[in-house]
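The values are calculated or read from the model by the stated rules, or taken from the named source; none is laboratory data. Just so it is clear, the structure is predicted and the values come from calculations on it, not from any experiment. Here Cβ is always computed from backbone atoms with ideal geometry, including for glycine, and neighbour counts include all displayed protein chains.
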Amino acid sequence: MRIPVVQHRTRRRRALRRRVLWTGGEVLLTAGVLLLLLVVHQLWWTNREARQGAAREVRALEREWGASRAGGAAASSAGGDSGASGATAGSGEAGASGGRTAGGGGPGPSDVPGPPRPDWSQAYAVLVIPRLHLRVPVAEGVGRQDVLNKGYVGHYPGTQQPGQAGNFALAGHRNTHGEPFRHLNRLQPRDLVEVETRTAVYTYAVDRILPQTSARDDGVIRPVPRSLAEPAYGYRNPGYYVTLTTCTPEFTSRYRLVVWGTLASMRPR
């Protein structure tokens, strides 16, 4: 019987092959762990951080507005009888706004003072959507780093402010970074969308939904919103509108989902 002889060269080849396979396995395992950590960061950590930051900003706005109203009430009380005539003169506009709503013959110009022109990336309002259990800050601009990635909803520059004639248009993330518009597709006609500012609360009623359109369809945020890609969706007459936009399908940014509403009522704070 002949005994096979394993040459040193053969042993070296086998050892080298084992080292290559072991190193390759380690590289693949490390890459898998890094990929898993990236997914956890994107899907969990960014949401956690953004939601906490957005909640803090909502509380800060509410404290600021409360302090402002308390200061105004104190100043009014301090005026006493000497300020009675001034209060009477100023009560006409404020009193008219207190009882006015957008119902009846349709919205009229708001007598409630609107918010001052916000600074870029500054949170200045709170968006409330009861069906989605959502309460999130509204900031000026739609930049990713300065606004959307903070978990805020962004106001499209150049569109109208809350309660103004025209289109108050907003954008928000659907996935990651707080994903405030994650379930925007669940909204239905007659659902309410409220916008709280320092001076007033504006309530819009959802009435039209565009399930999907091009990301470049800027017709949906025009003063009279109407899709350029899907002309059957939108409005033909001027009014008081709110527009909510987000990416669709989920985890992509290829298309946009659009929800529209019209102003139903307004009340001073």
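Of the candidates 222, 226, 236, the single residue that is charged (D, E, K, R), in contact (Cβ under 8 Å) with a residue 24 or more places away in the chain and either more than 26 Å from residue 175 (Cβ to Cβ) or touching a helix residue (DSSP H, G or I) at 6+ places or on another chain (Cβ under 8 Å) (or both) is 222. Just so you know, in the stretch 230-243 the residues that are touching a Gly at 6+ places or on another chain (Cβ under 8 Å) and assigned to a loop (DSSP other than H, G, I, E, B) include one that is farthest from residue 266 (Cα to Cα), and it is 238.
One residue stands out among those in the stretch 1-31 that are of a type in the set (Val, Ile, Thr) and surrounded by 10 or more Cβ atoms within 10 Å (Cβ to Cβ): the one that is modelled with the lowest pLDDT, which is 30. Scanning the stretch 230-269 for residues that are hydrophobic (A, V, I, L, M, F, W, C) and crowded, with 17+ Cβ neighbours inside 10 Å returns 242, 244, 247, 257, 258, 259, 260, 263, 264, 266. Number of residues in the stretch 219-243 that are closer than 13 Å to residue 209 by Cα and of a type in the set (D, E, K, R): the value is 2. Scan the stretch 225-240 and tell me whether some residue there is farther than 20 Å from residue 158 by Cα and touching a Cys at 6+ places or on another chain (Cβ under 6 Å). Within the stretch 225-240 (the criterion being farther than 20 Å from residue 158 by Cα and touching a Cys at 6+ places or on another chain (Cβ under 6 Å)), the answer is no, since none of the residues qualifies.
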